[in-house]
Amino acid sequence: MTTLATTIGGKTFDNCMMNAAGVRCQNKKDLDALVQSNAGAYVTKSATPQERAGNPSPRMHTLLKASINSMGLPNNGLDYYLDYVIRDQQKRPDSTNFLSVAGTSLEDNLAMLHQIQDSEYTGFVELNLSCPNVPGKPQVGYDFDRVHAVLEHVFDFYTKPLGVKLPPYFDLVHFDQIAAILNQYPLTFVNSINSIGNALVVDPRSEQVVIRPKGGFGGIGGAIVKPTALANVRGLALRLKPEIKIIGTGGIINGVDVFEHILCGASMVQIGTQFGYEGPALFDRLAKELTEIMAEKGYSSIEDFRGKLKTFDD
Ligand code: RRO
């Protein structure tokens, strides 16, 4: 029998696939649909302390193999999502899910994590250090001293399972530097990658950018980000201590993409752009495709090949 189950921080998930934060997870209806789906878990839209309308539209544009967005953190505020995950936990105590938070300041992040620490929520928290789209707020993940300071403050008091969502890195020395910081903390997981920030899509016919915020600059997702995502998953898997599990996000369209992320070291994968296109039925298709690949190769669980990517040096 083939199983797609995975374990992170001592919690088992029946399926190693789930949505990526931001896509079809902003309101209760979307989250209920994820609960009903074949996904192994859900993550809620990144929350700020108060609700936010986000950036002006058009703020997302899709292409065949890519998406660009500058949503600007539209969300219903932490209370809304914390209430949802706590109610869900009461209904389904054996299921673990992810609550995403993305304060636009250190103070906001600490205030939200204090509120979560003091609540009855026992699930996972994904601290988003990589939102590329809030005007005037650089991505924390690119400022290593700041990442260090944030984690130092957080782990002063926070004792529940926590992971961080990172931006893509593009130099091996940056993998070394971020891993050296992350390895100092009791992180449950690291999620890599967020969208490739501040890219520009141009419409040659209208001679115009395709989204309104920030003069057209936005984060890229979709099929074209897969090589960058795989490099980040692999780069981190080779450097992080084994207790920190990796969630691979970026460029997943089919079962082969999931397989590649796991080969590079992912224990779980998240799907953003393609989940936006396809909705909850995506998880049925991906599960079927990955199961077929594993059966062909004689693998019965993802642990049979997780992180076992070969290089020409092996
Ligand atoms: O809301 C957004 O604009 C957004 C966020 Br918070 C994020 O983390 N990544 C992204 O591509 N968009």
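We did not get these values from a lab; they are worked out from the coordinates using the rules stated. Quick caveat, the model's predicted, so the values are computed rather than measured. Cβ: placed from backbone, ideal geometry, glycine included. Neighbour counts: every protein chain shown.
General remarks:
- Cα gyration tensor category, rounded, prolate or oblate, for segment 29-138 with a/c compared to 1.5: oblate
- For segment 2-97, the relative contact order comes to 23 percent (Cα pairs under 8 Å, sequence separation of at least 6).
- You can think of it this way: the chain between Leu64 and Thr12 has 15.3 nm of extra reach, that is 0.36 nm per residue less the Cα-Cα gap.
- Residue range of the chain that is longest and free of chymotrypsin sites (Phe, Trp or Tyr not before Pro) which are both DSSP loop and sparsely packed (at most 16 other C-beta within 10 Å): 1-154
- Where trypsin sites (Lys or Arg not before Pro) fall in DSSP loop in segment 227-314, at most 15 other Cβ within 10 Å: Lys308, Lys310
- Cut-off 20 Å (backbone N to label point 7 Å along Cα→Cβ of Lys310), residues of segment 244-283: 256-266
- Segment 88-179: GluC sites (Glu not before Pro) falling in loop per DSSP and having at most 10 other Cβ within 10 Å: Glu120
- Amide hydrogen neighbours beyond the local backbone of Ala47, cut-off 5 Å, H modeled: Ser100, Val101, Ala102
- Ratio Rg/Rh, restricted to the chain and using Cα atoms, in which Rh is the Kirkwood radius: 0.94
- Over 18 Å between alpha carbons, listed pairs Lys29/Lys288; Lys241/Lys308; Lys29/Lys160: Lys29/Lys288; Lys29/Lys160
- Relative packing of peptides 69-77, 265-273 - highest average C-beta neighbours within 10 Å first: 265-273, 69-77
- Interchain or long-range residues, amide H under 5 Å from Asn191's placed H: Val164, Lys165, Leu166, Ile247
- A dipole drawn for the chain from +1 and -1 charges on Cβ atoms has a positive end, and of Asn198, Ile262, Val125 the residue lying farthest that way is Asn198.
- At an R0 of 22 angstrom, the distance between the Cβ atoms of Ser57 and Asn254 translates into a FRET efficiency of 0.15.
- Per residue Cα convex hull volume in Å³ - calculated over segment 165-272: 113
- ³J(HN,Hα), Karplus 6.51/-1.76/1.60, whole Hz, each residue of segment 119-125, x for Gly, Pro: 8, 8, 5, 10, x, 7, 10
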